[in-house]
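Taking it in order: structure first as structure tokens, then the write-up.
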2 protein chains.
Amino acid sequence: MIQIYCMAHQDRSDRVRWLLEELQVPYQDHFLNRTNGELKTESYLKLNPMGRVPTVVDGDTAIFESGGICLYLADKYQSKGLAPSLDSLERAEYLQWMVFSVASLECVVARMFTFQDKTQSQIESIKLEVEAQCKIMKVALNKVLEKQPYLLKSGFSAADIMMAAVIPGAADYLMEPGSAIEKYMKNLMARPAAVKAQVF
Amino acid sequence: MIQIYCMAHQDRSDRVRWLLEELQVPYQDHFLNRTNGELKTESYLKLNPMGRVPTVVDGDTAIFESGGICLYLADKYQSKGLAPSLDSLERAEYLQWMVFSVASLECVVARMFTFQDKTQSQIESIKLEVEAQCKIMKVALNKVLEKQPYLLKSGFSAADIMMAAVIPGAADYLMEPGSAIEKYMKNLMARPAAVKAQVF
């Protein structure tokens, strides 16, 4: 069974759990307590030398980086149809959105979680930067989602899981009322697998 | 022929060009001028709705996000041996480092390029944050590279291209003199394909 090491349902393990629910692949959660030093034990650092979450163990394979984990799992269970095959015309677009969700969008969104020990003026300055970056990405995403209900024309994929798991972190800057992104999120948040995985 | 849209050799198109040189796949560069609005033309926004670089066009396929582009190209030319196959035991580790390079490392390193319009005290605060994050990643990377010359045990891969293209952006915080990372970088920077692609 696939083992997920995380701190809570709503950390970056959320997308991994959601994907596994969609794939109907059984998994087991291991909730680690940062305060107790459980992220820095010798045995955990062997799995993830950064002492971060999530990490997934699948037999002899240990892997970290949520985007990498989801790429790996969606390909491993490709017959379930959540990743286009290597020779699919949609493969490039799929990889683009999988990486965009973490490298472009989450890189910006995550700054909304760095307010601790900051002054009010520093927080305001971070918010302005996040807002400006989100604006560019929001326009691009809305353009795609006004044409089709999912990132890929062919339908729901692991790329939607990644994207929808990241968007709420900066909901104020990304989910304009009545926008295609808002509609997209409502649709995705209602998926039974997302509900079961307690993503939102 | 593969078309690369970029602003300069040393922007995030660097890793794409380097990979294509390693793969010995011909490509053509298109240098766009941001000041002239060439990133915001209707025709370019059709390829990349964010109006950013790099974007790659391969026949009917347009793809952005440097990490996604390199995943796509290394898989497309898998016979050249720069990406483990889907059923390889190293596939998970490969995906992990491909995503880590952009989503974890570059996300932090890129902040070193955001000093414009900042006060000296804001710049110092960014540098401290980058240094702290880089320290965690440096320790993890050195641990791997002390055991083996490349990220994967089996040898050089596209993951090394991604990582080595990102590291110099925060060289002061990542490349300690005499460290495994420094040795790794010296080795990679000397590769004929990297030199030809003008990455460093």
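Structural remarks
- Of residues in segment B:104-121 being surrounded by fewer than 15 Cβ atoms within 10 Å (Cβ to Cβ) and within 11 Å of chain A (Cβ to nearest Cβ), the one nearest to residue A:98 (Cα to Cα): B:114
- Being at the interface with chain B (Cβ under 10 Å from one of its Cβ atoms), under 21 Å from residue A:183 (Cβ atoms) and of a type in the set (Asp, Glu) is a property that holds for residue A:93.
- Every residue from segment B:176-200 that is aliphatic (A, V, I, L, M) and crowded, with 18+ Cβ neighbours inside 10 Å: B:180, B:181, B:185, B:188, B:194, B:197, B:199
- In segment A:169-181, the condition of being more than 20 Å from residue A:110 (Cα to Cα), of a type in the set (A, V, I, L, M, F, W, C), in contact with a helix residue (DSSP H, G or I) (Cβ under 7 Å, 6 or more places away or on another chain) and not assigned by TED's automatic domain parsing to the domain that holds residue A:16 is met by at least one residue.
- Number of residues in segment B:76-89 that are over 23 Å from residue A:60 (Cβ atoms) and among the charged types (D, E, K, R) equals 2.
- Residue check, residue A:125 under 27 Å from residue A:178 (Cβ atoms), among the polar types (S, T, N, Q) and out of contact with any Lys or Arg (no Cβ under 8 Å at 6 or more places or on another chain): no
- Long-range neighbours under 9 Å by Cβ, at least six apart or interchain, first residue more than 16 Å from residue A:61 (Cβ to Cβ) within segment B:146-166, second of a type in the set (Asp, Glu) and assigned to a loop (DSSP other than H, G, I, E, B): B:157/B:90
- Check on residue B:101, loosely packed, with under 15 Cβ neighbours inside 10 Å and more than 8 Å from every other protein chain (Cβ to nearest Cβ): no
- Filtered residue count, segment A:159-174, keeping only those that are within 12 Å of residue A:188 (Cβ to Cβ) and either in contact with a Gly (Cβ under 6 Å, 6 or more places away or on another chain) or aliphatic (A, V, I, L, M) (or both): 8
- Checking A:61, A:35 one by one, the residue that is without any contact (Cβ under 8 Å) to a residue 24 or more places away in the chain and away from every other protein chain (no Cβ under 13 Å) is A:35 and no other.
- Number of the condition not met by residue B:86 [criteria: (1) of a type outside the set (Ser, Thr, Tyr); (2) within 13 Å of another protein chain (Cβ to nearest Cβ); (3) assigned to a loop (DSSP other than H, G, I, E, B); (4) buried (at least 17 other Cβ atoms within 10 Å of the Cβ)]: (4)
The values are calculated or read from the model by the stated rules, or taken from the named source; none is laboratory data. As the structure is a computational prediction, the values presented were derived from the model and not from experiment. Please note: Cβ atoms are built from the backbone with ideal geometry, for glycine as well, and neighbour counts cover all protein chains shown.
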